[in-house]
Amino acid sequence: MSSTLTRCRGGIIAAGDGSRLRASGFAMPKPLVPVAGVALIDGVIENFRAAGITSLVIIVNEQARACRERIHIRFPDLDVEVIVKTTRSSLESFFAINQRLAGGRALVSTVDAWCRPADFVSFVEAALRRPPDTSVLAVTPLVADDNPLWVEVDATHRIRTLGGPAGTHVTAGMYLLSERARAASPPPLERLRHFLAWLLHQGEPLYAETIEHVIDIDRGSDIALAEALAGSGRRE
(Lines give C-alpha, C1' and ligand atoms only; values in the text may rest on other atoms or scores of the structure.)
Protein backbone atom coordinates (compact mmCIF):
# COMPACT_ATOMS: atom_id res chain seq x y z
CA MET A 1 0.00 0.00 0.00
CA SER A 2 1.15 3.53 -0.73
CA SER A 3 1.88 6.00 2.06
CA THR A 4 -0.95 8.16 0.72
CA LEU A 5 -3.35 5.30 1.20
CA THR A 6 -2.29 4.52 4.75
CA ARG A 7 -2.70 8.17 5.79
CA CYS A 8 -6.37 8.22 4.75
CA ARG A 9 -8.76 7.76 7.68
CA GLY A 10 -12.08 6.03 7.40
CA GLY A 11 -15.61 6.39 8.71
CA ILE A 12 -18.46 3.89 8.82
CA ILE A 13 -22.11 4.92 9.11
CA ALA A 14 -23.90 2.09 10.93
CA ALA A 15 -26.65 3.92 12.84
CA GLY A 16 -29.64 2.97 10.70
CA ASP A 17 -32.55 1.26 12.46
CA GLY A 18 -32.76 -1.69 10.03
CA SER A 19 -36.57 -1.73 10.02
CA ARG A 20 -36.81 -3.48 6.65
CA LEU A 21 -34.41 -6.20 7.75
CA ARG A 22 -36.44 -6.73 10.92
CA ALA A 23 -39.51 -7.09 8.74
CA SER A 24 -37.59 -9.80 6.87
CA GLY A 25 -37.06 -11.71 10.13
CA PHE A 26 -33.66 -10.41 11.32
CA ALA A 27 -34.02 -9.45 14.98
CA MET A 28 -30.43 -8.32 15.65
CA PRO A 29 -29.11 -4.77 15.13
CA LYS A 30 -28.39 -4.06 11.49
CA PRO A 31 -24.56 -3.99 11.85
CA LEU A 32 -24.71 -7.58 13.12
CA VAL A 33 -26.85 -8.98 10.31
CA PRO A 34 -24.77 -11.74 8.68
CA VAL A 35 -24.00 -12.12 5.00
CA ALA A 36 -22.38 -15.47 4.23
CA GLY A 37 -21.65 -15.84 7.94
CA VAL A 38 -19.95 -12.44 8.31
CA ALA A 39 -21.64 -9.58 10.17
CA LEU A 40 -22.08 -6.47 8.04
CA ILE A 41 -19.92 -4.36 10.34
CA ASP A 42 -17.14 -6.96 10.33
CA GLY A 43 -17.19 -7.14 6.55
CA VAL A 44 -16.87 -3.39 6.11
CA ILE A 45 -14.09 -3.12 8.69
CA GLU A 46 -12.23 -5.95 6.98
CA ASN A 47 -12.59 -4.11 3.67
CA PHE A 48 -11.00 -1.01 5.17
CA ARG A 49 -8.19 -3.08 6.64
CA ALA A 50 -7.61 -4.78 3.29
CA ALA A 51 -7.22 -1.29 1.79
CA GLY A 52 -4.64 -0.35 4.41
CA ILE A 53 -6.98 1.98 6.30
CA THR A 54 -6.54 1.17 9.98
CA SER A 55 -7.87 4.31 11.69
CA LEU A 56 -11.67 4.40 11.79
CA VAL A 57 -14.56 6.29 13.32
CA ILE A 58 -17.79 4.29 13.44
CA ILE A 59 -21.27 5.36 14.53
CA VAL A 60 -23.94 2.93 15.75
CA ASN A 61 -27.30 3.65 17.33
CA GLU A 62 -28.30 3.04 20.95
CA GLN A 63 -29.88 -0.32 20.12
CA ALA A 64 -26.51 -1.48 18.78
CA ARG A 65 -24.50 -0.25 21.79
CA ALA A 66 -23.03 -3.73 22.30
CA CYS A 67 -21.26 -3.36 18.96
CA ARG A 68 -18.74 -0.95 20.53
CA GLU A 69 -17.15 -3.54 22.82
CA ARG A 70 -17.49 -6.23 20.20
CA ILE A 71 -15.57 -4.17 17.63
CA HIS A 72 -12.75 -3.43 20.06
CA ILE A 73 -12.47 -7.11 20.97
CA ARG A 74 -12.53 -8.36 17.39
CA PHE A 75 -10.22 -5.69 15.96
CA PRO A 76 -7.66 -4.89 18.68
CA ASP A 77 -5.01 -4.03 16.08
CA LEU A 78 -7.02 -1.14 14.63
CA ASP A 79 -7.40 2.44 15.85
CA VAL A 80 -11.18 2.52 16.15
CA GLU A 81 -13.46 5.05 17.84
CA VAL A 82 -17.09 3.95 18.12
CA ILE A 83 -19.75 6.62 18.64
CA VAL A 84 -23.03 5.41 20.15
CA LYS A 85 -25.77 7.80 19.11
CA THR A 86 -29.23 7.43 17.63
CA THR A 87 -29.48 9.89 14.76
CA ARG A 88 -32.34 11.10 12.63
CA SER A 89 -30.66 10.54 9.28
CA SER A 90 -27.59 9.32 7.43
CA LEU A 91 -26.52 12.95 7.10
CA GLU A 92 -26.59 13.52 10.86
CA SER A 93 -24.55 10.32 11.24
CA PHE A 94 -22.07 11.56 8.65
CA PHE A 95 -21.61 14.88 10.46
CA ALA A 96 -21.08 13.02 13.74
CA ILE A 97 -18.19 10.94 12.37
CA ASN A 98 -16.86 13.72 10.15
CA GLN A 99 -16.14 16.00 13.09
CA ARG A 100 -14.07 13.23 14.76
CA LEU A 101 -11.86 12.62 11.72
CA ALA A 102 -8.65 14.55 11.22
CA GLY A 103 -8.14 16.99 8.35
CA GLY A 104 -7.49 15.92 4.80
CA ARG A 105 -9.42 13.41 2.75
CA ALA A 106 -11.46 10.69 4.43
CA LEU A 107 -13.21 7.59 3.13
CA VAL A 108 -16.75 7.03 4.37
CA SER A 109 -18.84 3.88 3.84
CA THR A 110 -22.30 2.87 4.93
CA VAL A 111 -22.43 -0.43 6.80
CA ASP A 112 -24.93 -1.92 4.37
CA ALA A 113 -22.83 -1.40 1.22
CA TRP A 114 -21.72 -4.99 0.62
CA CYS A 115 -18.95 -5.70 -1.85
CA ARG A 116 -15.92 -7.95 -2.22
CA PRO A 117 -12.73 -6.81 -0.48
CA ALA A 118 -10.76 -6.83 -3.73
CA ASP A 119 -13.34 -4.53 -5.32
CA PHE A 120 -13.26 -2.21 -2.32
CA VAL A 121 -9.46 -2.03 -2.46
CA SER A 122 -9.54 -1.29 -6.20
CA PHE A 123 -12.01 1.53 -5.60
CA VAL A 124 -9.89 3.06 -2.83
CA GLU A 125 -6.71 2.90 -4.90
CA ALA A 126 -8.42 4.46 -7.93
CA ALA A 127 -10.07 7.15 -5.81
CA LEU A 128 -6.81 8.12 -4.14
CA ARG A 129 -5.15 8.55 -7.53
CA ARG A 130 -7.51 11.45 -8.14
CA PRO A 131 -6.22 14.93 -7.19
CA PRO A 132 -6.60 15.54 -3.44
CA ASP A 133 -8.94 18.50 -3.99
CA THR A 134 -11.55 16.27 -5.62
CA SER A 135 -14.14 13.92 -4.14
CA VAL A 136 -14.86 10.45 -5.48
CA LEU A 137 -18.04 8.38 -5.25
CA ALA A 138 -18.25 4.65 -5.78
CA VAL A 139 -20.91 3.84 -8.34
CA THR A 140 -22.31 0.59 -9.66
CA PRO A 141 -24.38 -0.51 -12.65
CA LEU A 142 -26.09 -3.09 -10.42
CA VAL A 143 -29.30 -1.45 -9.22
CA ALA A 144 -30.11 -3.32 -5.99
CA ASP A 145 -31.64 -0.45 -4.05
CA ASP A 146 -35.23 0.54 -3.31
CA ASN A 147 -34.44 4.21 -3.87
CA PRO A 148 -31.34 4.47 -6.07
CA LEU A 149 -29.38 7.70 -6.42
CA TRP A 150 -28.68 7.95 -10.14
CA VAL A 151 -25.60 9.59 -11.61
CA GLU A 152 -24.51 10.70 -15.05
CA VAL A 153 -20.80 11.01 -15.79
CA ASP A 154 -18.79 12.42 -18.69
CA ALA A 155 -15.88 10.85 -20.58
CA THR A 156 -13.45 11.75 -17.78
CA HIS A 157 -15.71 10.07 -15.17
CA ARG A 158 -16.62 13.43 -13.67
CA ILE A 159 -20.15 13.44 -12.29
CA ARG A 160 -22.35 15.93 -14.11
CA THR A 161 -25.77 15.10 -12.64
CA LEU A 162 -26.69 13.48 -9.35
CA GLY A 163 -30.16 12.49 -8.27
CA GLY A 164 -32.02 12.61 -11.56
CA PRO A 165 -34.81 10.22 -12.59
CA ALA A 166 -32.39 7.91 -14.42
CA GLY A 167 -28.73 7.46 -15.28
CA THR A 168 -26.03 5.00 -16.22
CA HIS A 169 -25.03 4.09 -12.66
CA VAL A 170 -26.20 4.48 -9.09
CA THR A 171 -24.17 5.52 -6.07
CA ALA A 172 -22.82 2.64 -4.01
CA GLY A 173 -22.55 3.98 -0.46
CA MET A 174 -18.79 4.69 -0.44
CA TYR A 175 -17.33 8.17 -0.67
CA LEU A 176 -13.81 9.59 -0.62
CA LEU A 177 -14.38 13.22 0.35
CA SER A 178 -11.90 16.06 -0.01
CA GLU A 179 -10.96 18.21 2.95
CA ARG A 180 -12.91 21.08 1.35
CA ALA A 181 -16.05 18.95 1.00
CA ARG A 182 -15.75 17.75 4.58
CA ALA A 183 -15.42 21.32 5.86
CA ALA A 184 -18.42 22.60 3.89
CA SER A 185 -21.36 24.15 5.77
CA PRO A 186 -24.56 23.28 3.91
CA PRO A 187 -28.02 24.67 4.62
CA PRO A 188 -30.40 22.37 6.53
CA LEU A 189 -30.72 19.15 4.55
CA GLU A 190 -32.45 15.86 5.22
CA ARG A 191 -30.16 13.12 3.89
CA LEU A 192 -26.58 12.39 2.91
CA ARG A 193 -27.62 12.17 -0.74
CA HIS A 194 -28.92 15.74 -0.53
CA PHE A 195 -25.55 16.85 0.84
CA LEU A 196 -23.75 15.19 -2.09
CA ALA A 197 -26.09 16.89 -4.57
CA TRP A 198 -25.50 20.21 -2.79
CA LEU A 199 -21.72 19.72 -3.05
CA LEU A 200 -22.06 19.14 -6.79
CA HIS A 201 -24.20 22.27 -7.14
CA GLN A 202 -21.58 24.24 -5.21
CA GLY A 203 -18.92 23.22 -7.72
CA GLU A 204 -17.16 20.45 -5.80
CA PRO A 205 -15.38 18.26 -8.37
CA LEU A 206 -17.08 14.88 -7.98
CA TYR A 207 -15.76 11.84 -9.83
CA ALA A 208 -17.11 8.32 -10.13
CA GLU A 209 -15.25 5.03 -9.85
CA THR A 210 -17.17 1.89 -10.75
CA ILE A 211 -17.57 -1.25 -8.65
CA GLU A 212 -19.47 -3.81 -10.69
CA HIS A 213 -21.20 -5.54 -7.77
CA VAL A 214 -22.35 -3.61 -4.72
CA ILE A 215 -25.46 -4.73 -2.85
CA ASP A 216 -27.36 -2.32 -0.60
CA ILE A 217 -28.40 -4.65 2.22
CA ASP A 218 -31.88 -3.59 3.30
CA ARG A 219 -33.99 -6.74 2.93
CA GLY A 220 -33.67 -10.48 3.13
CA SER A 221 -33.64 -10.64 -0.66
CA ASP A 222 -30.56 -8.39 -0.71
CA ILE A 223 -28.76 -10.82 1.60
CA ALA A 224 -29.68 -13.69 -0.71
CA LEU A 225 -28.24 -11.80 -3.68
CA ALA A 226 -25.02 -10.98 -1.83
CA GLU A 227 -24.67 -14.56 -0.64
CA ALA A 228 -25.13 -15.79 -4.18
CA LEU A 229 -22.17 -13.63 -5.19
CA ALA A 230 -20.19 -14.81 -2.15
CA GLY A 231 -21.05 -18.42 -2.93
CA SER A 232 -19.79 -18.04 -6.48
CA GLY A 233 -16.27 -17.76 -5.05
CA ARG A 234 -15.86 -14.14 -6.01
CA ARG A 235 -15.71 -12.77 -2.46
CA GLU A 236 -12.06 -13.02 -1.49
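Those residues that are of a type in the set (D, E) and in a strand (DSSP E or B), I need them from segment 69-101; list them, please. D79, E81, listed by residue number. In segment 28-35, is there at least one residue being surrounded by fewer than 16 Cβ atoms within 10 Å (Cβ to Cβ), at negative phi and assigned to a helix (DSSP H, G or I)? Looking through segment 28-35, none of the residues is surrounded by fewer than 16 Cβ atoms within 10 Å (Cβ to Cβ), at negative phi and assigned to a helix (DSSP H, G or I). Take segment 15-25 and flag every residue that is surrounded by 18 or more Cβ atoms within 10 Å (Cβ to Cβ) and either in contact with a Leu (Cβ under 6 Å, 6 or more places away or on another chain) or part of a loop (DSSP other than H, G, I, E, B) (or both). Once the filter is applied, which keeps residues that are surrounded by 18 or more Cβ atoms within 10 Å (Cβ to Cβ) and either in contact with a Leu (Cβ under 6 Å, 6 or more places away or on another chain) or part of a loop (DSSP other than H, G, I, E, B) (or both), segment 15-25 yields A15, G16, G18.
Condition check ((1) surrounded by 22 or more Cβ atoms within 10 Å (Cβ to Cβ); (2) modelled with pLDDT under 95; (3) outside any loop (DSSP other than H, G, I, E, B); (4) in contact with a Lys or Arg (Cβ under 9 Å, 6 or more places away or on another chain)) across all residues:
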residue	(1), (2), (3), (4)
G103	no, yes, no, yes
S122	no, no, yes, no
G173	yes, no, yes, no
E204	no, no, no, yes
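Within the option set V143, V124, being in contact (Cβ under 8 Å) with a residue 40 or more places away in the chain, under 30 Å from S221 (Cβ atoms) and not charged (D, E, K, R) holds for one residue only, V124. Scan segment 105-120 for residues that are surrounded by fewer than 16 Cβ atoms within 10 Å (Cβ to Cβ) and more than 24 Å from I215 (Cβ to Cβ) and the total you get is 0.
Go through the residues of segment 208-216 one by one and say whether even a single one is assigned to a helix (DSSP H, G or I), touching a residue at least 24 places away in the same chain (Cβ under 8 Å), farther than 24 Å from G103 by Cβ and hydroxyl-bearing (S, T, Y). Within segment 208-216, none of the residues are assigned to a helix (DSSP H, G or I), touching a residue at least 24 places away in the same chain (Cβ under 8 Å), farther than 24 Å from G103 by Cβ and hydroxyl-bearing (S, T, Y).
Anything in segment 179-236 that is more than 20 Å from F95 (Cα to Cα) and of a type in the set (K, R)? List them, or say none. Hits for segment 179-236 are R219, R234, R235. Within segment 121-153, which residues are among the hydrophobic types (A, V, I, L, M, F, W, C) and within 18 Å of G10 (Cβ to Cβ)? Listed by number, the residues that qualify are V121, F123, V124, A126, A127, L128, V136, L137, A138.
Residue-by-condition table, conditions (1) over 15 Å from the mean Cα position of the chain (by Cα); (2) crowded, with 19+ Cβ neighbours inside 10 Å:
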{"position": "T156", "(1), (2)": "yes, no"}
{"position": "G164", "(1), (2)": "yes, no"}
{"position": "L189", "(1), (2)": "yes, no"}
{"position": "I215", "(1), (2)": "no, yes"}
{"position": "A226", "(1), (2)": "yes, yes"}
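Look at (1) farther than 19 Å from A127 by Cβ; (2) of a type in the set (A, V, I, L, M, F, W, C); (3) touching a residue at least 40 places away in the same chain (Cβ under 8 Å); (4) surrounded by fewer than 23 Cβ atoms within 10 Å (Cβ to Cβ) and you find that F75 fails only one, number (3).
The values are calculated or read from the model by the stated rules, or taken from the named source; none is laboratory data. All values reported here derive from a predicted model rather than from experimental measurement. Cβ: placed from backbone, ideal geometry, glycine included. Neighbour counts: every protein chain shown.
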